[in-house]
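K.L.:
This is the structure I have questions about; it appears just below.
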Amino acid sequence: MEKQKKPIQPDKVLVNLEGVQDESYRITFAQGLFPSQIQRHIQLVKKKKKLKIHRLAIITDSRLKRIYGKQLTSLLGENTSVFHVPAGEASKCREMKNLLEDKLVAAKFGRDSAIIAFGGGVIGDLAGFVASTYYRGIPYFQIPTTIISQVDSSIGGKTAIDLPSGKNLIGSFYQPKGVFIDVDLLDTLPEDEFVSGLAEVVKHGMIRDRRFIVFLEKNVSSILARDKKVLMETLKRSCKVKASVVSEDLKESNLRKILNFGHTVGHAVETLSNYKLHHGKSVSIGMAVEAHIAHKVGYLPEEDVHRLCWLLERFGLPVELPKGLSPGKIIEVMGFDKKNEKGIIHFTLPSAMGEMKENKGQYGLQVNMDEVEKALDELVK
Ligand SMILES: NC(=O)c1ccc[n+]([C@@H]2O[C@H](COP(=O)([O-])OP(=O)(O)OC[C@H]3O[C@@H](n4cnc5c(N)ncnc54)[C@H](O)[C@@H]3O)[C@@H](O)[C@H]2O)c1
Ligand SMILES: [Zn+2]
């Protein structure tokens, strides 16, 4: 019999990346930050992080260029240029990424460049993704201009483009070097965008900060009147929740799932409206439905379901399923959500105002589909 050979022990060399990179960054809040203070703040970050940046490429959209073109020009030195794409979700695509890269190369932007994303979530996601692959990654900064981008998309380092077959299918985790939030930029934000963005603000209170929910309840009218002081406090507290969640779970392994509250049903509603219903409004409906499910399965007291719906409604957000949507259709679409592992539908559900239900340390909860169907049936008029 042949003697069994000892398995050869491969040689190993460790590529030690532990603690090599600190990707932390600051979110700076101020009124009147844009445009006069931006250069100074970027200089401060450059110095602190020892970044060698000699050229800046500002990426924005056509609508913002029309409104803020003059102020953007005032940011321009001989080493700065503005590039823009058409406003709207359709620009978060491969073609626009290619186009921007070609323009950057043609204008001789090299390794020593940085990108400033000036716009809403579309620009932040697209420009961030360009930055993450351009010259294998150059620094980028965010100047978010919508509520969604100020409290949500500019924090956490998720960058992406859409494919015809689905949203955010290609992208990367790539952190900005700094985020600059100027509440004055919201002056020009259309009412519909403003109100829709408040859904994510309510979500942040609901998932982690009961006192923030109380603050929102007390300040509905000032927020809707865009009172700067109250608005700034609202943005800051909302950002604090998002920042705390993403810094505890950078790559969405568990805790970060709580940010999906309202999004499982919300995405289905958004998809079934052919993306005609605004993301924020879909999420508002999603939160109302998911809170109802949480009640059905015994996690959330009924009074808290009402409290959440009342707050959303006072902000002018919808809490009822659009007419004609059947529960079966919603369940079918939810089954295709890419966040679901192996066809099993997971929810992240609240157990109180400001608190999410955990099961053995896990926030992704498997819910009996009959309960989901029952809850949806009750909500369909
Ligand atoms: N990366 C993330 O973690 C994350 C999180 C949430 C959402 N997102 C993404 O964000 C995108 C949605 O972002 P959005 O709602 O900001 O949309 P958006 O960027 O398309 O902006 C909405 C509209 O408002 C206009 N606008 C923006 N700021 C303005 C201002 N200050 N004044 C006047 N008009 C202004 C824009 O030109 C656009 O027409 C989606 O693509 C979504 O996938 C990403
Ligand atoms: Zn969202």
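The values are calculated or read from the model by the stated rules, or taken from the named source; none is laboratory data. This one's a predicted model, so the numbers in the text were calculated from it and none came from an experiment. Note that we place each Cβ from the backbone using ideal geometry, even for glycine, and neighbour counts take in every protein chain shown. When the accessible area is computed, the model is the full protein with side chains, heavy atoms only, and any ligands, DNA or RNA have been set aside. Shrake-Rupley method; radii C 1.70, N 1.55, O 1.52, S 1.80 Å.
K.L.:
Can you confirm whether segment 111-127 contains a residue that is more than 16 Å from ligand 2 (Cβ to nearest atom), without any contact (Cβ under 8 Å) to a residue 60 or more places away in the chain and surrounded by fewer than 24 Cβ atoms within 10 Å (Cβ to Cβ)?
P.N.:
For segment 111-127, residues more than 16 Å from ligand 2 (Cβ to nearest atom), without any contact (Cβ under 8 Å) to a residue 60 or more places away in the chain and surrounded by fewer than 24 Cβ atoms within 10 Å (Cβ to Cβ): present.
K.L.:
Would you please list the contacts, defined by Cβ atoms under 7 Å and residues six or more apart or on different chains, that run from a residue in segment 255-266 that is on the phi > 0 side of the Ramachandran plot to a residue that is within 11 Å of ligand 1 (Cβ to nearest atom)?
P.N.:
Filtered contacts from segment 255-266: 262/203; 262/283.
K.L.:
Picking from 266, 280, 286, which residue would you name as being crowded, with 21+ Cβ neighbours inside 10 Å and under 27 Å from residue 31 (Cα atoms)? If you could, list the steps in order and put the result at the bottom.
P.N.:
Numbers: 266 fails: under 27 Å from residue 31 (Cα atoms); 286 fails: under 27 Å from residue 31 (Cα atoms).
280 is the lone residue from the list that is crowded, with 21+ Cβ neighbours inside 10 Å and under 27 Å from residue 31 (Cα atoms).
K.L.:
Check segment 204-213 and report whether any residue there is near ligand 1 (Cβ under 10 Å from one of its atoms) and not assigned by TED's automatic domain parsing to the domain that holds residue 53.
P.N.:
If we filter segment 204-213 for residues that are near ligand 1 (Cβ under 10 Å from one of its atoms), which is where we start, we get none.
The answer is no; no qualifying residue exists.
K.L.:
Further question on the same structure: Have a look at 201, 195 and point out the one that is without any contact (Cβ under 8 Å) to a residue 60 or more places away in the chain, assigned by TED's automatic domain parsing to the domain that holds residue 276 and within 15 Å of ligand 1 (Cβ to nearest atom).
P.N.:
Numbers: 195 fails: without any contact (Cβ under 8 Å) to a residue 60 or more places away in the chain.
Residue meeting the stated conditions: 201.
K.L.:
Using the structure shown, decide if residue 34 is touching a residue at least 24 places away in the same chain (Cβ under 8 Å), assigned to a loop (DSSP other than H, G, I, E, B) and assigned by TED's automatic domain parsing to the domain that holds residue 151. Show your work before the answer.
P.N.:
On the way: touching a residue at least 24 places away in the same chain (Cβ under 8 Å): yes; assigned to a loop (DSSP other than H, G, I, E, B): yes; assigned by TED's automatic domain parsing to the domain that holds residue 151: yes.
It is true that residue 34 is touching a residue at least 24 places away in the same chain (Cβ under 8 Å), assigned to a loop (DSSP other than H, G, I, E, B) and assigned by TED's automatic domain parsing to the domain that holds residue 151.
K.L.:
Hey, can you tell me all the residues within segment 262-286 that are near ligand 2 (Cβ under 9 Å from one of its atoms) and either closer than 11 Å to residue 322 by Cβ or not in a helix (DSSP H, G or I) (or both)?
P.N.:
262, 282
K.L.:
Here is a further query. Please find, among 237, 211, the residue that is away from ligand 2 (no atom under 16 Å from the Cβ), closer than 25 Å to residue 178 by Cα, assigned to a helix (DSSP H, G or I) and out of contact with any Ser or Thr (no Cβ under 7 Å at 6 or more places or on another chain). Outline the logic, then answer.
P.N.:
Numbers: 211 fails: closer than 25 Å to residue 178 by Cα.
Sole residue among the options that is away from ligand 2 (no atom under 16 Å from the Cβ), closer than 25 Å to residue 178 by Cα, assigned to a helix (DSSP H, G or I) and out of contact with any Ser or Thr (no Cβ under 7 Å at 6 or more places or on another chain): 237.
K.L.:
Residues that are within 16 Å of ligand 2 (Cβ to nearest atom), at least 3 per element: which strands (runs of 3 or more DSSP E) completely within segment 146-185 meet that? Before the answer, list the steps.
P.N.:
Working: elements: 158-163, 166-173, 178-182.
Hits in segment 146-185: 158-163, 166-173.
K.L.:
Name every residue in segment 131-182 that is within 22 Å of residue 271 (Cβ to Cβ), surrounded by fewer than 24 Cβ atoms within 10 Å (Cβ to Cβ) and either within 8 Å of ligand 1 (Cβ to nearest atom) or of a type in the set (Gly, Ala, Ser) (or both), in order of residue number.
P.N.:
158, 160, 162, 165, 166, 167, 168, 171
K.L.:
If you scan segment 119-130, which residues turn out to be within 9 Å of ligand 1 (Cβ to nearest atom) and at negative phi? Let's see the steps before the verdict.
P.N.:
Filtering segment 119-130 down to residues within 9 Å of ligand 1 (Cβ to nearest atom) leaves 119-126, 128.
Scanning segment 119-130 gives 120, 121, 122, 123, 124, 125, 126, 128.
K.L.:
Which residue, of 358, 332, is open to solvent by 20 Å² or more (accessible area, probe 1.4 Å) and at pLDDT 90 or above?
P.N.:
Details: 332 fails: at pLDDT 90 or above.
The unique qualifying residue is 358.
K.L.:
Is there a residue in segment 67-81 that is modelled with pLDDT of 95 or more and out of contact with any Asp or Glu (no Cβ under 9 Å at 6 or more places or on another chain)?
P.N.:
yes
K.L.:
Now a separate question. Out of curiosity, is residue 244 more than 16 Å from ligand 2 (Cβ to nearest atom), within 17 Å of the chain's Cα centre (by Cα), in a helix (DSSP H, G or I) and modelled with pLDDT of 90 or more? Break it down into steps so the answer makes sense when it comes.
P.N.:
Values: more than 16 Å from ligand 2 (Cβ to nearest atom): yes; within 17 Å of the chain's Cα centre (by Cα): yes; in a helix (DSSP H, G or I): yes; modelled with pLDDT of 90 or more: yes.
Yes; evaluated as a whole, the condition is true for this residue.
K.L.:
If I filter segment 59-103 down to residues being part of a helix (DSSP H, G or I) and of a type in the set (Lys, Arg), which single residue comes out as least open to solvent (accessible area, probe 1.4 Å)? It would help to see each step written out before you state the result.
P.N.:
Within segment 59-103, the subset part of a helix (DSSP H, G or I) is 62-75, 89-91, 94-103.
Those still in the list that are of a type in the set (Lys, Arg) too: 63, 65-66, 70, 94, 97, 103.
Numbers: 63: 109, 65: 80, 66: 182, 70: 173, 94: 122, 97: 24, 103: 89 Å².
Step by step, filter segment 59-103, then rank; the result is 97.
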